[in-house]
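The values are calculated or read from the model by the stated rules, or taken from the named source; none is laboratory data. The structure presented is a predicted model; accordingly, all values stated were derived computationally and were not measured. A quick note on method: Cβ atoms are made from the backbone with ideal geometry, for glycine too, and the neighbour counts reach across all protein chains shown.
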Amino acid sequence: MKTVFSDVEEMEKDLEFIRWELENGAEDTNALIEKQHILQEKFAEKDGYHYKGIIRSTLLGLGFLENELDKKVEDLSGGQKTRVSLAKILLSDCNLMFLDEPTNHLDIESTEWLEEFLKNYKGAFVVISHDRYFLDKVTEKTFSMENGRLYAGPGNYSTFMKQREIERLTEKRNYDNTKREIERLEGIIEQQRRWNREKNIKTAESKQKVIDRLSKDLVKPEEAHSDLGFSFNALPGGGIEVLDCRGITKSYGETLLSMADLHIKKGEKVFLLGENGCGKTTLLKMICGDETADSGEITVGANIKIGYYDQIQESLDTSKTVIDEVWDTYPKMTETQIRNALAAFLFRGEDVFKEISKLSGGERARVQLVKLILKPVNFLILDEPTNHLDIESREALEKALMNYDGTIFAVSHDRYFINALSERIVNFENKKLVSYPGGYDYFAEKRKVQDVKKEEKPKNLDYNEQKRIAAEKRKRENHIKKAEEKIALLEQEIEELTIELNETGSDFEKAAELSAIIDTKNEELMATYEQWEELQ
């Protein structure tokens, strides 16, 4: 991350060298002092006195832990490397950013941090994203590529899509009107040519010119994909109690869950949230029987059949075509049933004959989803089902799951997707599982209110504990106030010393002494800034 501030580090070295020269009796002290003054101003402008604190807060905001900051890049996962690359771009001094799927590999908290960063960013940015909630938060103009054409409109994703729907209807109406007019003119031409007189031939030629002009710019508008009426029904049966987890404890070096409870009833659509690495996928695997809990009981209800989507895509036979991969899994289904299922997930026409080996990650994910929804199950467990999917595919999945009459338990970072489907959210909190009714927006608002209440007054604590926490808060606020006062004092002292340094003239001993004091004060200022950021 320090490579972003390589120019700052170079200035730091230059300032150190000037200081050394002044202390060791350089000849042209006036020129050195002037150079030092200019460098110090540039150094301050470039956040030289607290750039390390900025690096730290950015990495923490993007989901890194304090103990990970000293890791070697080669030891990071692919997702972590992506986050480091993103952090470097965000801290660079560019004024135009191109961001390609920046929320991939970010948990919800990190994505919200990025949203705040971009909302306050003073430059311009162009972002490609399938995260519709993110687009609604940070964009104010939208471009859409459709069938080789580029459409543009003001507003975020939701605003643009409403306008595009109106435009599509207008385009369709204009297209149909133009086609009818061309057909009418073609009828006149045919009639005039049958009469075959000179006047009729001229009329036919005149009408043909009109047709040529109308046809020149006639482009068939994109048709909205028709709802094929594909039914996504759960396997009948199963009791009211679908899942009952009591006192679940699980550790992998560190504790993920400690005496956690979870209950899901028939027909519920429940989403599991939590920061990266908290144990969401582990919990899903324990429910499916692929992992075992250290203690506690996990009970799946009678006649409950689980269908699990885990993103890995290892179950696909890369030598087969799309239709064969699905049909071989469900040989008793008709070709029409298979094609309808594939069409619901955007495999239409010749697409069904593509080889699995030549599909993109998103296309493979869609094949897996088709296989899953055709499986006779009544309890779907989905681990990030919208990852790798474009917006159209996500909307197709939403439509299929909205009408699903079984039970769903899903992990997702797609807040738009969660809002569309969620009836209840289960959140990892202090190694426990806490439930909230409704979708993501309600959950986020509820969490904000809780955080404010916790800050105002600790709840469910005894009197001594409340006193201790209140005392710690006052102590921290006092430290923050003292740090701010110290920063103001140091900045004033540095300014006064710099003025005095500029007035030393040829007294190089005095200049060297003042320069050393200024450097010491700057180091103290940087340390105080970092202390202030830590306290905040």
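Scan (1) over 27 Å from Tyr440 (Cα atoms); (2) touching a Phe, Trp or Tyr at 6+ places or on another chain (Cβ under 7 Å); (3) hydrophobic (A, V, I, L, M, F, W, C); (4) touching a residue at least 40 places away in the same chain (Cβ under 8 Å) for the single condition Leu316 breaks and write down its number. Here Leu316 meets the rest and fails (2).
Yes/no per residue for (1) aliphatic (A, V, I, L, M); (2) assigned to a helix (DSSP H, G or I):
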{"residue": "Tyr308", "(1), (2)": "no, no"}
{"residue": "Leu316", "(1), (2)": "yes, no"}
{"residue": "Glu325", "(1), (2)": "no, yes"}
{"residue": "Asp328", "(1), (2)": "no, yes"}
{"residue": "Lys332", "(1), (2)": "no, no"}
{"residue": "Gln337", "(1), (2)": "no, yes"}
{"residue": "Ala343", "(1), (2)": "yes, yes"}
{"residue": "Glu363", "(1), (2)": "no, yes"}
{"residue": "Val370", "(1), (2)": "yes, yes"}
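For beta carbons closer than 7 Å, sequence separation of 6+ or different chains, a first residue in region 201-213 that is part of a helix (DSSP H, G or I) and a second that is of a type in the set (A, V, I, L, M, F, W, C), the qualifying pairs are Ala204/Ile189; Lys207/Leu185; Lys207/Ile188; Lys207/Ile189; Gln208/Ile189; Val210/Leu185; Ile211/Ile182; Ile211/Leu185. Scanning region 465-501 for residues that are in contact (Cβ under 8 Å) with a residue 40 or more places away in the chain and over 38 Å from the mean Cα position of the chain (by Cα), we see that the one that is nearest to Leu535 (Cα to Cα) is Lys486.
I'm trying to understand the selection: among the residues of region 471-506, which are modelled with pLDDT under 80 and in contact with a Ser or Thr (Cβ under 8 Å, 6 or more places away or on another chain)? Selection gives Leu501, Thr504, Ser506. Here Ile356 fulfils each of the conditions (1) of a type outside the set (Gly, Ala, Ser); (2) in contact with a Lys or Arg (Cβ under 7 Å, 6 or more places away or on another chain); (3) crowded, with 19+ Cβ neighbours inside 10 Å apart from (3).
Conditions tested, residue by residue: (1) under 29 Å from Asp405 (Cα atoms); (2) in contact with a strand residue (DSSP E or B) (Cβ under 9 Å, 6 or more places away or on another chain).
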{"residue": "Gly237", "(1), (2)": "yes, no"}
{"residue": "Glu254", "(1), (2)": "no, no"}
{"residue": "Asp261", "(1), (2)": "yes, yes"}
{"residue": "Phe271", "(1), (2)": "yes, yes"}
{"residue": "Glu275", "(1), (2)": "no, yes"}
{"residue": "Lys285", "(1), (2)": "yes, yes"}
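Selection of region 20-42 for residues being within 24 Å of Gly53 (Cβ to Cβ) and surrounded by fewer than 18 Cβ atoms within 10 Å (Cβ to Cβ) yields Leu39, Glu41, Lys42. Screening Leu76 on (1) without any contact (Cβ under 8 Å) to a residue 12 or more places away in the chain; (2) under 30 Å from Ser215 (Cβ atoms); (3) surrounded by 12 or more Cβ atoms within 10 Å (Cβ to Cβ); (4) within 22 Å of the chain's Cα centre (by Cα) shows it passes everything except condition (2). Is there a residue being outside any helix (DSSP H, G or I) and on the phi > 0 side of the Ramachandran plot anywhere in region 503-519? Yes, region 503-519 has at least one match.
Scanning region 418-436 for residues that are hydrophobic (A, V, I, L, M, F, W, C) and free of Cβ contacts under 8 Å to residues at least 60 places away in the same chain yields a total of 2. Checked against (1) closer than 23 Å to Leu433 by Cα; (2) loosely packed, with under 14 Cβ neighbours inside 10 Å; (3) hydrophobic (A, V, I, L, M, F, W, C), Ala302 passes all but a single condition, namely (1). Among residues of region 14-40 that are outside the structural domain of Glu509 (by TED's automatic domain parsing), those with a Cβ under 6 angstrom from a residue that is of a type in the set (Val, Ile, Thr) and part of a helix (DSSP H, G or I), sequence gap 6+ or separate chain, pair up as Leu32/Ile18; Gln36/Ile18.
Only residues that are assigned to a loop (DSSP other than H, G, I, E, B), small (Gly, Ala, Ser) and surrounded by fewer than 17 Cβ atoms within 10 Å (Cβ to Cβ) were counted across region 287-299, and they come to 1.
Please find, within region 381-407, the residue that is surrounded by the fewest Cβ atoms within 10 Å (Cβ to Cβ) out of those that are under 22 Å from Gly277 (Cα atoms) and out of contact with any helix residue (DSSP H, G or I) (no Cβ under 6 Å at 6 or more places or on another chain). Among them, the one singled out is Asn387.
Among residues of region 119-142 that are touching a residue at least 40 places away in the same chain (Cβ under 8 Å), those with a beta-carbon under 6 Å from a residue that is of a type in the set (A, V, I, L, M) at least six positions away or on a different chain give the pairs His130/Ile391.
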